[in-house]
1. Name the residues of segment 246-277 whose amide N is less than 14 Å from a point 7 angstrom out from the Cα of residue 121 along the C-beta direction?
2. How far apart, in nm, are the 7 Å Cα→Cβ label points at residue 423 and residue 456?
3. Quick one: if the Förster radius is 25 Å, what FRET efficiency do residue 165 and residue 720 give, using the C-beta to C-beta distance and rounding to 0.05?
4. More than 25 Å apart: what percent of Cα pairs in segment 398-539 qualify?
5. Per the Cauchy relation, a quarter of the hull surface: what is the mean projected area of the convex hull of the alpha carbons in segment 577-711, in nm²?
6. As I understand it, the value is the acute angle between the Cα axis of helix 529-566 and the longest principal axis of the Cα atoms of the chain; what does it come to in degrees, rounded to 10?
7. Would you mind working out the magnitude of the charge dipole of segment 29-97 relative to its Cα centre, with +1 at each Lys and Arg C-beta and -1 at each Asp and Glu C-beta, to the nearest 20 Debye?
8. Taking R0 as 56 Å, what FRET efficiency do you get between residue 41 and residue 547 from their Cβ-Cβ distance, rounded to the nearest 0.05?
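The values are calculated or read from the model by the stated rules, or taken from the named source; none is laboratory data. Keep in mind it's a predicted model, so treat the numbers as computed, not measured. FYI the Cβ positions are ideal-geometry reconstructions off the backbone, even for glycines, and counts take in every protein chain you see. Just so you know, the surface numbers come from the protein's heavy atoms only, side chains and all, with ligands and any DNA or RNA stripped out. Shrake-Rupley method; radii C 1.70, N 1.55, O 1.52, S 1.80 Å.
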Amino acid sequence: MKKLLRTLPLAALIALVMVLATSCSQTSDLSMQEDVDKMLEVTGEATDEAEDVAYKLAYDMELADDSTGFRTAGSDAEHRAADYLVEEFEKIGLEDVTKDAVTVDKWQFNEAYMNIDYTDKDGESQELNIDDMVSYAAQGTVQLGGDYSNLEIVDLGMGTEAEYQEYYENSGNTDMSGKIALVGVDQWNEVWIDGPYMEAATQNAAAIVSYSMGGYAQYDDDTINIQDICAPDMKMPCTSISKNDAERIQKMLKNGTDITAELYVDNEVGSQNGTSYNVTGTIKGTENTGQRIIVAGHYDKYFYGFEDDCTAVGLVTGIAKALIDSGYQPANDIVFIAHGAEEWGRFDTSTDWAIGSWEMITTAHPEWQGSTLALINFEMPSVDSFNDVGVMRTSYELGEIGNTLFSSGLINQVDSYYADGVEVKNDDGELPRTDCISYQFNGVPAFMPRQEDKTEWSQNRYHTPKDDNNVEDDKGDGVHSKELLEYQLSVYSALAMYIDGTPALELDFTSRCDDLEDAIKGTKKYATEESVEAYKAALEDLRTAAAENLEAAKGINAEYEEAYAAGDEKAMAEARAEGVAHNQQVLAAFRYVQDQFMGLADYGTIEVHHKAIQNNLDLYTNVVDALSDGEVTEDDIWLPSEINGYYEYYAYLFSDEVCALSNSLLMNDKVDSNWGTDKMTLAIKDSWQTTKNMYAQWNEGVTDAGEYQQYVDEYNGYIDILKADLQEYVDSETAAMKELREML
C-alpha cells in the first residue's frame, strides 16, 4: 500500500483512503463470510507451512536425483518426494491421502561432464574440464553404451543444416560421425532445442552440447538453461552448458590442436516405462454432492525449482492447512493434488508437458470429468515481478466468478498485495502452459494466478539454477515474496470457499460467445456469406440462452442466500440440490464447448477451430499477394515463417528430415493420448517443402517474380484446401451452437 500512496495526487489519495476505509470495514453478508473470516485468522501459520514445504522440496537433496537438484518424470527422486508429500498431507489432516500412479516416459538425470585434452599454442598438453553440465531428456552415454572417450568437437553456430553443410565443405567430412556438435540456442527468440537436437542426430553426430546464446538464462554467462525437448528419442546425448564454458571451448578450438573429448552422461529415459505419482488428499464434503474442487501444483522440477514449482506445492499444502485449521466443513469435496511429470513426460510430441495431470484426469480419475466444479492451479505463484496489477487467469466461463470474488466484499479485509488490485483475464490465456490444459480439455474449468511470461524473471531465472530464493542479489528482476505467497493463499482459499458455498456454478457462456464472435470476424473472405450469417444468427440465439442460464444460476444462489439468512435449512438443502442439477448441465455444456469448438492453433495456443485455420489462411494469402505483386523481396521470402505457429520457420533452418519430424510432432502422429492429440486444427503440415524450395531459390540469387509462380500456385493450392476445411468448421460450429443452446 505504501507504494500506491506515494504515487497518487492528494485529491485521489483522499478519495482512495475514504474508499479503503469503507471497504475494509465492510464485508459481505454472504453465507461463507464467517468461514472466510476464520480462515483468514490462520493464514500466517498456513503460510509458514507453505514456505516449509517449498524449501524442503527445493533444497533437500534427498529429494533430488543429481547434485543440481533435478527431479523429473518417474525418477527415483520424484518417488521419494511423493512419499514425503504423503506424510505432509497426512500430518496437516487431509483424508484419503493416496499416490495415484500414472504411466509416463521415465527421465532421471544423474550426472554429466566433459573432459577435453588438447595441445596449446606453446605445445603444452592441457585439459579443459566442463563439470557444470546437465542433460535434456535424451539418452545418456552410459545408457547408449559405446565409446565416447575420443570425440572431436565442432562449433556449429546455431546448428542449422546450412552450417553443417558449410562444415562439410571446409573439412572434407560427409557427416558428424565421432563428433560432438557445439550449438548455441536462443529458445526465446529463435527455435526450441528440438530443432538443433534433431538436426544433430540427422547429421549422425555422436552428441550435441548446447548453450544459451540469448533469450533465456540471461542472469549471467555462467547460468545454464534447460527446457523440455519436444522431440522423438533420437538415441543421442543432448546436454546444456553455460555460455562461458562454451566460449572456453570455442577459444580452445581456435587456438588448440590434437583436441579430443570424453563425454560422460548418465541420463535414463525410456518410452512408457516410468511411473509418476500424483499425490492427493481430500477435505471431504458434508453434503454428498458428488462434486469436488481441485487445488493443485506440480512437484517435478529443473535445478532447485523453488518458484517453479515448489512454492506452488507449498501453497497447495498451505491452503489445505488454512481450511482445516479454521474448522471449515465444505459442502463439496476439496481435493489437493501435487502433480508429477508436468515439466516433461512424453517423447514423440510437441505437447510433451502436463503429462502427469493428463493421465490423472483421463486414466486415474476419469470419473472426475463432469463433476469437478473447478481446478485452482498454481505455477510460480510467489514471484514478485514488481507489477502494480496482479493477474487471475481463468477459462472464459469463469471470469464472472473471479470478478464476483473481488467485488462481493468477501475478501475486503485482505490487503491487496498489488497497488492497483487484481485483473481477471478470462481468455484462456496462459492456461495451456500448465496442468490447467489437461483438465480444461476434459471439461474442468480452471483458475490460476499468473504473471505475464515475458518478464525479466523468466528471461533471467526460468529453468535455471537461479530459480532459488536468493533474496540478497540485486538483479532487480524479482524474487520470492512470502508476503505475496500469503496473499495468494488468502485469495485462493477464499475462492475455493466461495465456489463451494454457492450451490450453482455461475459459468458465463456469454463470455465464450464473445470469443466465438471475435472468431468470425474476417471469415467472409474464405467462407460463404450464407454460412457466416447462419453462424452469427446461431450465436445470437446462443448468447440469449447463455445469459438466461447465468441468471438461473444466480437465482439459485440468491435463493440459497435468502434461505441462509432466514435460517431455513430445508430451503437451503433444496437450493443445494437444484444447484447440483444445474452444475451437471453446465459442466456438460462446458465440456461440449471444449470438444466442439476449441482446438490448438499451435503447440500451446487455444483457438476456435475455424479461427485457427483462418489465421493460417491469412498468412498464406499474404504470402501469395507478396509474391504476386511483380517484385520479390527478402521480406516477402520470410513471410511464410509464421505459418503453423512459426513451425514453418524450421524450413529456413533445418533439413527435410527435421522439418518432417517437427510437423509430425506438432500433429501428434505417434501419440494416442495427450492433451494435443486430435486438437491440432492445422490442416496443412507439409507446406514447409514449398517454403524450403522457395527459400533455396532465393539463396541462389533468383529475384525474377516470374520464377516464383510455381510457389504461388502451390500456396494457392494450400489455400483451397484450407478454405474447404474452414467451411466445414464454420458449418459444424453453427450446428454445435444450436446444440449448445439446447443444453443451456
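1. Residues 251-257 qualify, since their backbone N sits under 14 Å from the label point.
2. 2.0
3. The formula returns an efficiency of 0.10 here.
4. 47
5. Spelled out: convex hull of the Cα atoms, projected over all directions, averaged, 9.9 nm².
6. 50
7. Working: 5 positive and 22 negative charges, 63 e Å.
Dipole about the Cα centre, nearest 20: 300 debye.
8. Here the calculated transfer efficiency is 0.90.
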